[in-house]
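Engineer: First, the structure itself, so that you have it in front of you.
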There are 2 protein chains.
Amino acid sequence: MDNQKVDKKELGITPRSADYSKWYLDVIREADLAEHAPVKGCMIIKPYGYAIWENIQSAMDKMIKETGVSNAYFPLFIPQSYLTKEAEHVEGFAPECAVVTHAGGKKLEEPFVVRPTSETIMYEVFSRWIQSYRDLPLLINQWANVVRWELRPRLFLRTTEFLWQEGHTAHATEDEAETRTKQMLGVYKKLAEDFLAIPVIDGVKSESEKFAGAVRTYAIEAMMQDGKALQAGTSHMLGQNFAKAFNVKFVDENGAEQYAWQTSWGVSTRLIGALIMAHSDDKGLVLPPNIAPIQVVIVPVWVTNEDKMKVLAESEKMEKQLKDLGLSVKIDSRDLRPGPRFFEWEKKGVPIRIEIGPKDIEKGAYVFARRDTGEKENISIDQAANYTSSLLNIIQNNLFERSLAFRNSHTREVGSYDELKEAITGGFAIAHWCGDAKCEEKIKEETKATIRVLLPEKALKPNKCVLCGGKSDQRAVFAKNY
Amino acid sequence: MDNQKVDKKELGITPRSADYSKWYLDVIREADLAEHAPVKGCMIIKPYGYAIWENIQSAMDKMIKETGVSNAYFPLFIPQSYLTKEAEHVEGFAPECAVVTHAGGKKLEEPFVVRPTSETIMYEVFSRWIQSYRDLPLLINQWANVVRWELRPRLFLRTTEFLWQEGHTAHATEDEAETRTKQMLGVYKKLAEDFLAIPVIDGVKSESEKFAGAVRTYAIEAMMQDGKALQAGTSHMLGQNFAKAFNVKFVDENGAEQYAWQTSWGVSTRLIGALIMAHSDDKGLVLPPNIAPIQVVIVPVWVTNEDKMKVLAESEKMEKQLKDLGLSVKIDSRDLRPGPRFFEWEKKGVPIRIEIGPKDIEKGAYVFARRDTGEKENISIDQAANYTSSLLNIIQNNLFERSLAFRNSHTREVGSYDELKEAITGGFAIAHWCGDAKCEEKIKEETKATIRVLLPEKALKPNKCVLCGGKSDQRAVFAKNY
């Protein structure tokens with residue numbers, strides 16, 4: 001009977017090959033990560049999903065602080081007039097804003113927007129905080145919720161409200177701001193690759209894809225298992241655009257007044273969507289050990305009560321050894337048959353399962369099951385703890401290498417528009433582009449592929465634009481995207 | 001010249017005796033904790049203030065999780081109709097709500113309120129999550145921003161937007177819910193006393209002061225240095241009120257359908273206001289070591305360049321030793337005279353200052369200055385690190401004991417209304433109260449003192465209500481409050 005239940009549950013996840021979108025939502029539901037809120041477009045992040053976010057936050061927060069940035073908190077509400085001060089910015093964000101018109105039982109004199117991002121409210125304040133070059137650089141980050149009205153929401157990927165960090169800095173020179181922009185892109189790349197095990201391509205966005213109000217947007221782009229791209233983090237060189245709009249000035253060492261150079265950068269709960277789509281399989285979620293809320297689950301197996309006492313004692317011994325190594329471990333000793341317990345933790349993506357039964361104890365070896373490959377092996381009890389540690393590293397690396405190999409085998413350098421069209425059906429196309437927004441727009445219209453980033457390396461010799469044949473010295477990554 | 005600057009800055013803090021309210025705002029400004037936002041009633045929490053909040057969060061989050069509660073995240077927006085489902089709740093909160101009427105460029109069919117608290121949105125969801133007794137207890141917490149329109153905002157104490165944690169639980173029995181309510185009150189008391197060094201009185205709120213929709217509200221109340229009370233945390237026994245409004249039902253072990261018993265509880269950035277008013281003095285902020293972002297500041301002092309090299313090297317040696325002990329330490333080696341540097345860290349409430357000059361190195365002893373008492377002593381270099389550790393404990397305890405002594409000397413058991421009136425001019429009055437809301441209301445009207453909590457211990461023998469002389473078996477803490 002238990003097996004039947006399990007079979008039904010297994011049917012709960014649509015295979016990727018049948019319907020990738022449905023598979024994505026099934027994985028989220030079966031792993032108990034999140035669900036749609038009663039409020040359109042909003043999301044409830046359930047405890048297991050939130051624990052993943054806490055791990056991402058904790059890794060990210062540490063790295064941000066190591067670059068000298070301090071956390072602070074700015075208000076949720078922004079006077080509507082602020083948003084209009086930077087022309088491109090308001091054009092980009094006004095259509096997505098939620099507007100508070102009434103409060104405290106009265107109609108407000110000036111409506112507030114709920115922050116879609118905090119450049120305007122922060123820089124209005126920065127203009128008061130910054131007076132002299134001694135006040136620079138100003139390096140601020142905040143962890144916050146933001147709201148951007150979504151017509152076609154998708155859990156984690158596009159939600160009306162999402163959680164993120166947004167960093168905002170002000171500098172005395174253009175060089176310093178540019179360096180900070182790239183530095184934070186590097187931090188994001190490290191987060192994606194070392195913690196989430198997701199290889200990313202970093203580069204510059206085209207004019208049409210850049211942040212509203214920025215001079216230049218850098219991004220990291222990841223490939224999902226359906227070959228589509230997902231923008232996993234952005235870092236914006238704002239130049240003096242906002243400084244001029246908000247009067248962020250300083251007196252330099254020579255007594256001259258100058259506008260500050262600014263940057264902003266952010267990653268969001270969208271990363272959890274990337275995590276799911278990069279690694280998971282038809283059995284459910286697969287989590288990299290460096291970010292998994294539970295790295296190891298111990299499943300004691302017994303028939304008689306006497307056995308139960310014995311395997312529970314051994315499980316607790318093992319648990320203690322693993323905790324002493326700093327690992328996150330859980331014993332699942334529920335009165336259920338092993339099958340349903342195995343499947344549950346598989347669906348939740350726990351990297352390693354250790355099975356402890358009376359016969360295993362007799363034999364002096366436990367069964368280790370890897371979530372990433374499904375492989376099982378017997379590991380002698382006295383080596384089990386140390387082996388767990390090294391196996392977690394192996395799994396972490398394997399997930400990264402597997403994703404990298406997948407991306408490489410689904411990325412093609414293309415010379416013609418036909419080749420591009422073919423490549424972007426299931427992956428990335430790297431192609432020359434003349435830089436004309438019309439070519440970019442036409443390719444998007446005809447193929448639904450956008451320029452994800454321009455590669456930072458200039459081409460060795462000029463070449464031809466993949467669409468118009470015009471002169472091109474830059475290569476772009478084209479892909480359909482989330 | 002430097003000294004003149006310092007004097008001016010020192011004038012920046014109004015003495016408590018002259019104007020307590022102004023002193024409070026001066027301390028916040030001079031310690032660089034927070035400022036009013038351009039949006040009425042909102043607050044910008046500056047890096048140093050936010051670092052205190054991060055320490056409070058981290059201590060609190062750990063304690064909450066240790067009781068078996070998981071973090072999650074629910075939406076910012078609540079459909080207006082939800083709020084109306086629990087009659088007392090809507091009456092209490094509707095007047096304070098900010099309302100989103102437009103989004104994505106259109107008028108919304110149903111307006112949303114920005115959460116003033118999340119009972120309604122969470123319990124609507126709980127009603128789907130909970131089906132059987134096996135799903136109970138459900139133990140959820142979230143760290144979030146909430147909005148309650150404030151007409152007379154005050155930094156940290158009353159702001160339109162504030163940060164907090166809100167815990168929400170559902171249980172199978174009344175007993176279990178009651179136990180959880182008290183357990184969390186105990187956690188809050190521990191946070192206040194062991195981390196913030198603020199002694200608190202715990203008890204039950206009167207009907208008129210309880211949470212809108214609760215059966216019973218428990219609270220911890222702290223005394224500020226002006227003798228006023230500050231509610232520092234609340235824990236609500238919700239009974240089945242919300243369960244009935246939101247249909248939170250479960251099938252019990254006998255197959256019968258029952259409404260769940262619920263609790264909610266929260267503490268907020270208001271605690272930083274309590275921290276300031278409990279310990280700080282006319283020189284500025286005073287922080288308990290257990291919550292201070294910087295526990296020790298090392299100020300190297302030099303005249304010649306040769307000395308500078310020497311004292312910096314010694315300072316770094318000291319810093320390393322303290323960091324190895326797990327302490328949070330900062331060296332202030334700015335090219336400023338010692339005075340301004342001393343004053344700055346005094347204003348910021350750093351518990352210990354260690355002065356390291358060439359003569360100190362020669363003598364083999366550093367000058368230790370305590371922020372709480374202002375005392376200075378010479379400590380031999382080889383004992384300096386260990387002494388720092390124990391001095392931090394001494395300071396933590398001293399702040400608690402000092403606050404406790406202050407509270408005790410400003411709390412009077414009163415037998416008559418005249419005595420009550422006198423006592424509440426500068427402290428707490430403990431008095432018998434018959435339980436009639438009319439007596440409570442009249443005392444509030446005439447003296448501005450409210451019942452902060454009813455003491456949990458029943459009186460040994462019945463006595464007379466301090467106002468009407470009617471029979472009373474309970475004692476209440478009366479005080480003016482923030």
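The values are calculated or read from the model by the stated rules, or taken from the named source; none is laboratory data. Nothing here was measured: the structure is a model prediction, and the numbers come from that model. Methodologically, a virtual Cβ is constructed for each residue, glycine included, from the backbone with ideal geometry; neighbour enumeration extends over all protein chains shown.
Engineer: Would you point out which residue out of A:110, A:166 is in the same structural domain as residue A:262 (by TED's automatic domain parsing) and modelled with pLDDT under 95?
Structural biologist: The match here is A:110.
Engineer: I need a count of the residues in segment B:445-481 that are farther than 22 Å from residue B:200 by Cα, surrounded by 15 or more Cβ atoms within 10 Å (Cβ to Cβ) and touching a strand residue (DSSP E or B) at 6+ places or on another chain (Cβ under 7 Å).
Structural biologist: Counting residues in segment B:445-481 that are farther than 22 Å from residue B:200 by Cα, surrounded by 15 or more Cβ atoms within 10 Å (Cβ to Cβ) and touching a strand residue (DSSP E or B) at 6+ places or on another chain (Cβ under 7 Å) gives 5.
Engineer: Pairs, please: C-beta under 6 Å, at least 6 apart or cross-chain, first residue within 28 Å of residue B:364 (Cβ to Cβ) and modelled with pLDDT of 95 or more and in segment B:381-403, second of a type in the set (S, T, N, Q) and assigned to a helix (DSSP H, G or I)?
Structural biologist: Sorted first by the residue in segment B:381-403, then by its partner, the pairs are B:385/B:321.
Engineer: While we're looking at this one, here's another question. Just checking, does segment B:122-144 include any residue being at the interface with chain A (Cβ under 7 Å from one of its Cβ atoms), at pLDDT 95 or above, surrounded by fewer than 24 Cβ atoms within 10 Å (Cβ to Cβ) and closer than 26 Å to residue A:73 by Cβ?
Structural biologist: No: segment B:122-144 contains no residue that is at the interface with chain A (Cβ under 7 Å from one of its Cβ atoms), at pLDDT 95 or above, surrounded by fewer than 24 Cβ atoms within 10 Å (Cβ to Cβ) and closer than 26 Å to residue A:73 by Cβ.
Engineer: What is the one condition in (1) surrounded by 17 or more Cβ atoms within 10 Å (Cβ to Cβ); (2) more than 7 Å from chain A (Cβ to nearest Cβ); (3) assigned to a helix (DSSP H, G or I) that residue B:50 does not satisfy?
Structural biologist: (2)
Engineer: Still on this model: Looking at (1) farther than 29 Å from residue A:282 by Cβ; (2) more than 8 Å from chain B (Cβ to nearest Cβ); (3) among the aromatic types (Phe, Trp, Tyr), which is the only condition residue A:20 fails?
Structural biologist: Unmet condition: (1).
Engineer: Scan segment B:153-173 for residues that are more than 9 Å from chain A (Cβ to nearest Cβ), out of contact with any Gly (no Cβ under 9 Å at 6 or more places or on another chain) and either without any contact (Cβ under 8 Å) to a residue 60 or more places away in the chain or crowded, with 19+ Cβ neighbours inside 10 Å (or both) and jot them down.
Structural biologist: Residues satisfying the conditions are B:162, B:168, B:169, B:170, B:171, B:172.
Engineer: Looking at the structure I just gave you, is residue B:4 crowded, with 17+ Cβ neighbours inside 10 Å, modelled with pLDDT under 95 and either more than 18 Å from residue B:347 (Cα to Cα) or more than 8 Å from every other protein chain (Cβ to nearest Cβ) (or both)?
Structural biologist: The answer is no for residue B:4.
Engineer: If a residue has to be crowded, with 21+ Cβ neighbours inside 10 Å and under 21 Å from residue B:207 (Cβ atoms) to count, how many in segment B:421-433 make the cut?
Structural biologist: 6
Engineer: Can I ask one more? Which of the residues spanning segment B:251-290 are surrounded by fewer than 24 Cβ atoms within 10 Å (Cβ to Cβ) and aromatic (Phe, Trp, Tyr)?
Structural biologist: Result: B:259, single match.
Engineer: Give B:186, B:203 a once-over and let me know the one that is in contact (Cβ under 8 Å) with a residue 40 or more places away in the chain, more than 10 Å from chain A (Cβ to nearest Cβ) and either closer than 24 Å to residue B:242 by Cα or in contact with a Leu (Cβ under 9 Å, 6 or more places away or on another chain) (or both).
Structural biologist: The match here is B:203.
Engineer: For segment A:54-81, give me each residue that is at the interface with chain B (Cβ under 8 Å from one of its Cβ atoms) and among the hydrophobic types (A, V, I, L, M, F, W, C).
Structural biologist: A:72, A:74, A:76, A:77, A:78
Engineer: Out of the strands (runs of 3 or more DSSP E) lying entirely within segment B:369-482, which hold 3 or more residues that are within 24 Å of residue B:283 (Cα to Cα)?
Structural biologist: B:376-380
Engineer: Next up: Can we say residue B:377 is free of Cβ contacts under 8 Å to residues at least 12 places away in the same chain and either surrounded by fewer than 12 Cβ atoms within 10 Å (Cβ to Cβ) or among the small types (Gly, Ala, Ser) (or both)?
Structural biologist: For residue B:377, the condition - free of Cβ contacts under 8 Å to residues at least 12 places away in the same chain and either surrounded by fewer than 12 Cβ atoms within 10 Å (Cβ to Cβ) or among the small types (Gly, Ala, Ser) (or both) - is not met.
Engineer: Can you tell me which residue is surrounded by the most Cβ atoms within 10 Å (Cβ to Cβ) among those in segment A:82-101 that are of a type outside the set (A, V, I, L, M) and more than 10 Å from chain B (Cβ to nearest Cβ)?
Structural biologist: A:89
Engineer: For residue B:252, work out the one condition from (1) acidic (Asp, Glu); (2) closer than 30 Å to residue B:13 by Cα; (3) in contact with a Ser or Thr (Cβ under 9 Å, 6 or more places away or on another chain) it doesn't fulfil.
Structural biologist: (2)
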